[in-house]
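I have placed the structure first, in the form of structure tokens, so that the comments after it can refer back to it.
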Amino acid sequence: MPPSDHRPGTLIEGGAVFPHRHLTGIEGLEPHEITFLLDEAERWVDAAPGGPEKRLAGLTQINAFFENSTRTLLSFEIAGKRLGADVVNMHAAQSSVKKGETLIDTAMTLNAMRADVIVIRHMSSGAVRLIADKVDCPVLNAGDGRHEHPTQALLDALTIRRRLGGVANRRVVICGDLLHSRVARSNILALTALAAEVRVCAPSTLMPPAIERFGVTPFTDFDAAMEGADVVMMLRLQTERMAGGYVPSVREYHLRYGLTLDRLERRAPGALVMHPGPMNRGVEIDSAVADHVERSAITEQVAMGVAVRMACLDVLTRRRRGVEGWA
Ligand code: CP
């Protein structure tokens, strides 16, 4: 899909094309701002790893991860390095957080080191906003508690847009542990903003109350939810965030909500299958679906993650780099 003609500094609808200092969530972004970030990501999708312009040369990017990550941490690191930034990773396990340092003191320490951009993952909802309010540089949310994971939603939207030619009017089914999922929340906000028809499916114990207010249709019957789907996005059962018995058993959950090849072929032949990872194979998704050459977009999602994070790092540091039109 060709990028739109939005350029840095272009004024649309009476305001700057992306006026935000931080990216703490999809909430608060206008549809045209989401589209702008997707368009910006397009330029990095096919860029050769050694080739992109070193727009962030001389800038220091700190990735402060207070919770485990494979995909997000690595892709932010690769994205920053491809753009020429000096990338430093801080893992909570090796930090003074273990000695009782408060989040605010950690934020003040990162700020004193004059980081140019900070990427944060934290187990508490709202922690990223708290840090963003304390530091002088742009902050990107790499996932905070159950709140948001905005770059995951952007990479998912980019994957859908490239595979299906657009997001508007596509029927997207998001199935799994909606109650604990920041990915679901950010995806619902992004996909509804881009005019997709979003269905959500979970057992009633894992369905957030009053979810209809987000403009989605809730289902507890996965087969019914999948009817006519263009995209089926599966979510992980987040056992680490569950204190009680939300599902009778993993086997029962798999029978009712697991995506098998047979279920996919019966209910949504032709649908694109997505999963943000990490996957519980044999629980919410079978390997025959996850590894399906034509139907699964899971590795493509990971590839789009690097492009989206390059775009976000580039856009959010433009003001700091004095890019014309971003003062
Ligand atoms: N999708 C995602 O956030 O994966 P990681 O936890 O591995 O970063």
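The values are calculated or read from the model by the stated rules, or taken from the named source; none is laboratory data. Quick caveat, the model's predicted, so the values are computed rather than measured. Every residue, glycine among them, receives a Cβ derived from its backbone with ideal geometry; neighbour counts consider all protein chains shown.
A few notes on this one:
- Any hit, segment 149-169, residues being more than 20 Å from Trp44 (Cβ to Cβ) and charged (D, E, K, R): no
Per-residue answers, yes or no, for (1) acidic (Asp, Glu); (2) crowded, with 17+ Cβ neighbours inside 10 Å; (3) within 16 Å of the ligand (Cβ to nearest atom); (4) part of a loop (DSSP other than H, G, I, E, B):
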residue: Val289; (1), (2), (3), (4): no, yes, no, no
residue: Glu294; (1), (2), (3), (4): yes, no, no, yes
residue: Ala303; (1), (2), (3), (4): no, no, yes, no
residue: Ala307; (1), (2), (3), (4): no, yes, yes, no
residue: Arg320; (1), (2), (3), (4): no, no, no, no
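- Answer residue from segment 246-295, given it is among the basic types (Lys, Arg) and within 22 Å of the chain's Cα centre (by Cα) and is farthest from Ser69 (Cα to Cα) among those: Arg295
- Hits in segment 1-58 (condition: modelled with pLDDT of 70 or more, part of a loop (DSSP other than H, G, I, E, B) and acidic (Asp, Glu)): Glu27, Glu30, Asp46, Glu53
- Of the listed requirements (1) out of contact with any Cys (no Cβ under 9 Å at 6 or more places or on another chain); (2) touching a residue at least 60 places away in the same chain (Cβ under 8 Å); (3) within 16 Å of the ligand (Cβ to nearest atom), Glu284 misses just one: (1).
- Of the strands (runs of 3 or more DSSP E) lying entirely inside segment 63-178, those containing at least 3 residues that are at pLDDT 95 or above and surrounded by 24 or more Cβ atoms within 10 Å (Cβ to Cβ) span 117-122, 139-144, 171-175.
- Of the residues contained in segment 197-216, none is found to be part of a strand (DSSP E or B), farther than 18 Å from Met274 by Cβ and away from the ligand (no atom under 16 Å from the Cβ).
- Just one of (1) at pLDDT 95 or above; (2) closer than 30 Å to Thr60 by Cα; (3) surrounded by fewer than 24 Cβ atoms within 10 Å (Cβ to Cβ) fails for Pro218. It is (2).
- For Val45, the test of being in contact with a Cys (Cβ under 8 Å, 6 or more places away or on another chain), surrounded by 15 or more Cβ atoms within 10 Å (Cβ to Cβ) and in contact (Cβ under 8 Å) with a residue 40 or more places away in the chain is failed.
- Test: residue in segment 122-143 that is within 19 Å of Gly25 (Cα to Cα), within 16 Å of the ligand (Cβ to nearest atom), more than 16 Å from the chain's Cα centre (by Cα) and among the polar types (S, T, N, Q): yes
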